[in-house]
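S.K.: Got a structure for you, questions after.
The values are calculated or read from the model by the stated rules, or taken from the named source; none is laboratory data. Owing to the predicted nature of the structure, the values given are computational and were not obtained by experimental measurement. All Cβ positions, glycine included, derive from the backbone under ideal geometry; neighbour counts span all protein chains shown. Note: accessible area is taken over every heavy atom of the protein model, side chains too, but ligands, DNA and RNA are not part of it. Shrake-Rupley method; radii C 1.70, N 1.55, O 1.52, S 1.80 Å.
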Amino acid sequence: MNKKSSKISTSNENYSHLELINLGKIFFKEKKFIDFRSKGNRSGFEAIKDINLKIEKNTFVSIIGPSGCGKSTLLNLIAGLQAPTSGKIIIDGQAIKGPGPDRGVIFQNYALMPWLTTIQNIEFALNTVFPAKTKADVKERARKYLRMVGLEKASNKFPKELSGGMKQRVAIARALSINPNMLLMDEPFGALDALTRSYLQDELLSIWRKNKVTVVLITHSIEEALLLSDKIVLMSSGPSAIISEEISVDLERPRDREKIEQDPTYLKIKMRLEKHLLRETRAVEEVT
Amino acid sequence: MNKAISTRLTFAVAILSLLIFIILWQVIAQQGLLVKNFPGSFKTIGSLIWWVSDPFFDNGPNDLGIGTNLLISLRRVLIGYSLAVLVAIPLGVLMGMSKLAQSSLNPYVQLLKPVSPLAWLPVGLFVFRNSEITGIFVIFITSIWPTLINTAFGVASINPDYLRVSKSLGASKSTTIRRVILPAIMPNILAGMRISMGTAWLVIVAAEMLLGTGIGYFIWNEWNNLSLENIFVAIIIIGFTGFILDQFFGFLQDKFDYSI
Ligand SMILES: Nc1ncnc2c1ncn2[C@@H]1O[C@H](COP(=O)(O)OP(=O)(O)OP(=O)(O)O)[C@@H](O)[C@H]1O
Ligand SMILES: [Mg+2]
């Protein structure tokens, strides 16, 4: 599965890795068995509409937008966890039909299984994606990825024994262990303290550089988006949120946290993002 | 306070209260304060020792050792209960996962759950013509609802993140059920099984009064012998057995407690 998709992408370098075409999602109210009031017309809530986006291979893209605009919805669509109401998602030139191990997903609240130890959580992913692999192979590989995020010592601990930052590292290791071409992250560092966050940001960057993956990161932190991304996608406030702007971040890598803040390009983009977010957030406040 | 001292103190208080209870009981019975011929604690303890020292004799169905009767009751409960759990868990998972199963089965569950299982006893006797199977059948009906309802509730309220992880990895439905849903709802299943066992143990005593043999029948028999002290012996043994069974599930629940 993995091999196949990477072969396609290398022979067709002109394709974008990910392409969203007129993507839209409407949440329909679930119809109750006995519901006299909502006769007939199925009214729905349009979360996002007409989303068009191209993401190149091995780039780092951040999606930023006001709270509740539909960022998680968009990520779930790309992950294949929900079906779009309209439009298409193309990966390596082919429309996706559902979730797949070519995409590793990292959820906002870690989503580790509490009845499994750290290493078993990773082994679960490996066993599911590579059922043909032997037990020893799976264990070996799980260890390798735990080592990568610096947690080999915690391999027999249960999630409840880990700190938030450690849990998120396990989640990252789990997502990477299946060797995805794309990493989808939904506000992965939102719940962490500032120090842990910057440590994990650096770790994510080095993983991204080494592993050749395309990263789509949802964040509400302008600084995080600027520090990490090649491109920042701005979403408008919902309902019916659209992509209102795409900004290329032409800052040299590696980026230094301190120095980058004096860079005029950085400051220019930052101002633009702040203005946008303020305007869209105000729009949300006025609607509600 | 020191922990060792505090456990020792708790133990001493428990022993003391038991002694006071035994003495009060004996005094009240001896003075005939309640009713005449009410057995005192000394007589009851004497009976208890007599029954417990030779628990497994068998002189025909109306004269069985208390251990023999207890084992008969436990066997009925364990068979009926195990069958109920084997039905309740898969059915509960089905009800939790499928809207169709939920809406087609829930009316029956809601309607049958509040009915005393003893109401099924004549039905069982009529259908099976066998008191042994009827006892098992009544325990089956008793045990099924709490486990079924807890399992279904567990599935319906499972953390959606676990399912999302499973789905994003492309796990099959059977993998998701075996490796994600079942372990995730283990606390719910055990809570249901604990309630089921508690109710089954309550119901078997009543059911056996009408069935012959078993600890419940022992009580009925001793009532016909007007031997209240033997009934107290049975009550003590039933209570103790129920306590052990409940503790066993408490132990399992602690093992499967995922909370932080
Ligand atoms: N399953 C659903 N059914 C109905 N409405 C939904 C569903 N999921 C999301 N929505 C709605 O769609 C909108 C977008 O939700 P989404 O979670 O994608 O926003 P978000 O941008 O990720 O928000 P946040 O910044 O708070 O994480 C919200 O108004 C939400 O109420
Ligand atoms: Mg979100």
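S.K.: If eta is 1.002 mPa s and T is 20 °C, what Stokes-Einstein diffusion coefficient results for chain A, Kirkwood Rh from Cα pairs, in µm²/s?
M.R.: 106
S.K.: Using only protein heavy atoms and a 1.4 angstrom probe, determine the accessible area buried between B and A, summed over both sides, in Å² to the nearest 100.
M.R.: 1900
S.K.: Same structure, new question: What is the extension gain from A:HIS220 to A:ARG282, computed as 0.36 nm multiplied by their sequence separation minus the C-alpha to C-alpha distance, in nm to one decimal?
M.R.: Separation in residues times 0.36 nm, less the Cα-Cα distance, equals 20.8 nm.
S.K.: At R0 = 22 Å, how high is the FRET efficiency between A:ALA95 and A:PHE45 if r is their beta carbon distance? Nearest 0.05 is fine.
M.R.: Given R0 = 22 Å and the Cβ-Cβ separation, E is 0.30.
S.K.: Still on this structure, please answer the following. Compute the long axis of helix B:186-209 from its Cα atoms, compare it with the longest principal axis of the Cα atoms of chain B, and write down the angle in degrees, 0 to 90, nearest 10.
M.R.: 40
S.K.: Ok, one more. Which of the aspartates and glutamates could a cross-linker span from A:LYS139 if the Cα-Cα distance has to be under 19 Å and same-chain partners fewer than 8 positions apart are dropped?
M.R.: In chain and number order, the partners are A:GLU123, A:GLU152.
S.K.: Follow-up. Could you state the principal axis extents of the C-alpha atoms in the range B:39-255, from the largest down, to the nearest angstrom?
M.R.: 68, 39, 25
S.K.: On full extension of the chain, what length is gained from B:LEU112 through B:SER259, given 0.36 nm per residue of separation minus the C-alpha to C-alpha distance?
M.R.: Length gained between B:LEU112 and B:SER259: 49.6 nm.
S.K.: Carbon-plus-sulfur fraction of the accessible area of the protein assembly as shown, 1.4 Å probe, in percent?
M.R.: 61
S.K.: Could you tell me the calculated FRET efficiency between B:LEU24 and B:ALA101, based on Cβ-Cβ distance and R0 = 60 angstrom, to the nearest 0.05?
M.R.: Result of the calculation: an efficiency of 0.65.
S.K.: For the pair A:SER244 and A:PHE28, what calculated FRET efficiency results from E = 1/(1 + (r/R0)^6), where r is the Cβ-Cβ distance and R0 = 30 Å, to the nearest 0.05?
M.R.: According to the calculation, E is roughly 0.70.
S.K.: Right, here's the next one. Could you pull the accessible area for B:TRP220 with a 1.4 Å probe, rounded to 10 Å²?
M.R.: Per-residue accessible area (B:TRP220): approximately 110 Å².
S.K.: Just to be sure I understand the model, the point goes 7 Å from the Cα along the line to the Cβ. What's the resulting A:LYS153 to B:ILE235 distance in nm?
M.R.: Placing both labels 7 Å along Cα→Cβ, they lie 6.0 nm apart.
S.K.: Hey, another quick one. What angle, in degrees between 0 and 90 and rounded to the nearest 10, separates the Cα long axis of helix B:41-53 from the longest principal axis of the Cα atoms of chain B?
M.R.: 60
S.K.: While we're here: As a test question: what accessible area, to the nearest 10 Å², does B:TRP201 have when a 1.4 Å probe is rolled over all protein chains in place?
M.R.: 20
S.K.: How far apart, in nm, are the 7 Å Cα→Cβ label points at A:SER86 and A:LEU267?
M.R.: Spacing of the two 7 Å Cα→Cβ label points: 4.4 nm.
S.K.: Could I ask something else about it? Quick check: the distance between the Cα centres of the range A:42-66 and the range B:1-56, to the nearest angstrom?
M.R.: Spelled out, the Cα-based centre of one part sits 73 Å from the other.
S.K.: Give me the compactness ratio for the range B:137-260, meaning the Cα radius of gyration over 2.2 N^0.38 Å.
M.R.: Dividing the Cα Rg of the range B:137-260 by 2.2 N^0.38 Å gives 1.46.
S.K.: Let me ask you something else. To the nearest Å, what is the center-to-center distance of the range B:63-135 and the range A:122-188, using C-alpha atoms only?
M.R.: 43
S.K.: Roughly how many Å is it from the Cα centre of the range B:190-204 to that of the range B:230-260, as a whole number?
M.R.: 10
S.K.: Counting C-alpha atoms alone, how compact is the protein assembly as shown: give Rg to one decimal and Dmax as a whole number, in angstrom.
M.R.: Radius of gyration, then largest Cα-Cα span, for the protein assembly as shown: 32.6, 102 Å.
S.K.: For chain B, what is the calculated [θ] at 222 nm in deg cm²/dmol (nearest 500), taking -39500 (n - 2.57) for each run of four or more DSSP H residues and dividing by its residue count?
M.R.: Mean residue ellipticity, 222 nm, calculated: -25500 deg cm²/dmol.
S.K.: Any idea what the alpha-carbon Rg over 2.2 N^0.38 Å comes to for the range A:195-288?
M.R.: It is 1.18.
S.K.: Note the angle between two axes, namely the Cα long axis of helix B:228-255 and the longest principal axis of the Cα atoms of chain B, as a number of degrees from 0 to 90, rounded to the nearest 10.
M.R.: Taking Cα atoms only, the helix is inclined about 30 degrees.
S.K.: If ligands, DNA and RNA are left out, what is the accessible area of B:ASP161 with a 1.4 Å probe, given in Å² to the nearest 10?
M.R.: Taking all protein chains as shown, B:ASP161 has close to 10 Å².
S.K.: Give A:LYS231/B:LYS167; A:LYS157/B:LYS255; A:LYS231/A:LYS270; A:LYS88/B:LYS167; A:LYS71/A:LYS210; A:LYS29/B:LYS113 a once-over and call out the pairs whose C-alpha atoms are over 22 Å from each other.
M.R.: Listed pairs above 22 Å: A:LYS231/B:LYS167; A:LYS71/A:LYS210; A:LYS29/B:LYS113.
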